[in-house]
Amino acid sequence: MIVNGILTEVNQVVFVVGDVMLDKYIFGVVNRISPEAPVPVLDVNKKSERPGGAANVALNLYGLQLHTILFSVIGKDDSADSLLNYLEKAGLSSEGIIKSSSRRTSQKIRVMSNGQHLLRIDEEDAHPLSSEEEKVFLAHILNLWGKYKPQGIVLQDYNKGVLTPFIIKSLISMAKEMGIPIVVDPKDLHFWDYQGVTLFKPNKKEIQKKIPFLFENNFSDLKRVTDYIFDKLDCEISVVTLGEDGLWIADRYSCLWIKGIKQEISDVCGAGDAVISSLVWSLFKQVDLETMGNLANAAGAQVCSRSGVVSLELQSFTSYYLNLYTVLNK
């Protein structure tokens, strides 16, 4: 909620369920081409790693001072240990995480030179959970559901196998039975499996591949897109992120195009995670549709203004949002 110009914290519990990964960065400088092949030689000067995927969404929500419990299935490997250690040091509970010997923990290794991406290396197993793993995972969520009684649930899908149709259907059913909001960030494989959720947030590229018509960034086309989503999923709110053109947000009664914020872009990694997190925060605070869209737009912009995958933090985001919209409204 915005009280006297300040975003106030909330004390509700949110469950984040989905694919987690470890984001690794190798930073350096390229000054020459290898004599062995026509490829650049990176002189490494720094390495870093942090949780990504659904884990980054959980960190964003935690940074916005929501009590966040993260659920996923990872491997029994060094990347899993690194990821869990980071979460523990950040103060975020990892009790919802299950380790499995049947899969590797997903890791994305990004090679950077002077702020530019040179290469990304993926190491992962993306096969779906087995039927036995599904049962164990769902039982684990149910157990902690009884303990924490969440007021909202986020399904964060990266097509890495954790959100299977069985898990998706079960969690949506549970959330609807309890009358709590369900927020979804979808990916290709199970795109239309999220029937009856509260909020559905694809990006432009994702939704274009899933609808039977082409669209441009104009009011009539964007309204047609979200009307199609409403007919397909019977959701309450739909948000389509449009990159530098901002985002489109609609419910059954109104729709708004929140235009993109003009600024220097440092890195787009993690912008979608920040947007979905601010939307969850806004749902909890029951803000109006325009404020929800403005907050989401600002969240994505703030993350894009910083290098690497970074998370929101309530105080700095408050300052950024208030300064941004003071300038825009002058």
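Here, each number is a calculation from the coordinates, and none is a lab measurement. Note that the coordinates shown come from a computational prediction; the quantities given were computed from them, not determined experimentally. Note that we place each Cβ from the backbone using ideal geometry, even for glycine, and neighbour counts take in every protein chain shown.
How big is the equivalent ellipsoid of the range 4-137 along its three axes, where each semi-axis is √(5λ) from the Cα gyration tensor, reported in whole Å from largest to smallest? It would help to have the intermediate numbers written out before the result.
Working: eigenvalues 207, 100, 23 Å².
In descending order the semi-axes read 32, 22, 11 Å.
Considering only DSSP beta bridges whose two residues both sit in the chain, what percent are antiparallel, to the nearest 5? Each step should come with its number before you reach the end.
On the way: 31 of 61 bridges.
Of those bridges, close to 50 percent are antiparallel.
Please compute the contact order of the chain in relative form: average sequence separation of alpha-carbon pairs under 8 Å and at least six residues apart, divided by the residue count, as a percent.
So the answer I get is 17 percent.
Checking the table 46/147; 135/204; 99/187; 89/285; 147/223 against a 32 Å threshold on Cα-Cα, which pairs fail? Please list the in-between numbers first.
Numbers: 46/147 41 Å; 135/204 34 Å; 99/187 23 Å; 89/285 28 Å; 147/223 41 Å.
Among 46/147; 135/204; 99/187; 89/285; 147/223, the Cα-Cα distance tops 32 Å for 46/147; 135/204; 147/223.
Which of these, 130, 93, 282, has the largest mean-square fluctuation under a Gaussian network model of the chain (Cα springs below 10 Å)?
Its mean-square fluctuation being the largest, the pick is 130.
Between residue 67 and residue 43, what is the label-point separation in nm under the 7 Å Cα-to-beta-carbon projection?
Once both label points are built, they end up 5.2 nm from each other.
Suppose every K and R has +1 on its Cβ and every D and E has -1 on its Cβ; what is the size of the dipole of the chain about the Cα centre, in Debye to the nearest 20? The partial results should precede the final answer.
Values: 34 positive and 39 negative charges, 58 e Å.
Its charge dipole is roughly 280 debye.
What order, most packed first, do the peptides 248-256, 203-211 have when packing is the mean number of other Cβ atoms within 10 Å of each residue?
Details: 248-256: 16.9, 203-211: 15.2.
My ranking of the peptides, most packed first, is 248-256, 203-211.
Packing-wise, with mean Cβ within 10 Å as the measure, how do 315-324, 229-238 rank, highest first? The partial results should precede the final answer.
Numbers: 315-324: 16.1, 229-238: 17.9.
Packing proxy ranking, top to bottom: 229-238, 315-324.
Could you calculate the FRET efficiency of residue 29 with residue 262 from 1/(1 + (r/R0)^6), where r is the beta carbon distance between them and R0 is 25 Å, rounded to 0.05? Write out the running numbers ahead of the final one.
Numbers: r = 30 Å, r/R0 = 1.19.
Rounded to the nearest 0.05, the efficiency is 0.25.
Determine, from the Cβ-Cβ distance of residue 288 and residue 187 and an R0 of 25 Å, the FRET efficiency 1/(1 + (r/R0)^6), rounded to the nearest 0.05.
Values: r = 29 Å, r/R0 = 1.16.
After rounding, the FRET efficiency stands at 0.30.
Is there a quick way to get the dipole size of the range 163-304? I mean about its Cα centre, with the Cβ of Lys and Arg at +1 and of Asp and Glu at -1; what is the value in debye to the nearest 20? Numbers along the way, then the final one.
Numbers: 15 positive and 19 negative charges, 37 e Å.
Dipole magnitude for the range 163-304 comes out near 180 debye.
At each listed q (0.25 Å⁻¹), what is the log10 of I(q)/I(0) that the Debye formula gives for the range 40-86 modelled as equal alpha-carbon point scatterers?
Results for the range 40-86 at q = 0.25 Å⁻¹ read -0.96.
Given labels modelled 7 Å from the Cα in the Cβ direction, how far is it in nm from residue 139 to residue 208?
Once both label points are built, they end up 4.6 nm from each other.
With no solvent and one equal point scatterer per Cα, compute the Debye intensity ratio I(q)/I(0) for the chain at 0.06, 0.10, 0.14 Å⁻¹ and report its log10, rounded to two decimals.
Rounded to two decimals, the profile gives -0.21, -0.58, -1.15.
Restricting to Cα pairs below 8 Å that are 6+ residues apart, what does the relative contact order work out to for the range 175-224? Please round to a whole percent. Each step should come with its number before you reach the end.
Details: 34 pairs, mean separation 14.1, N = 50.
Relative contact order comes out at 28 percent.
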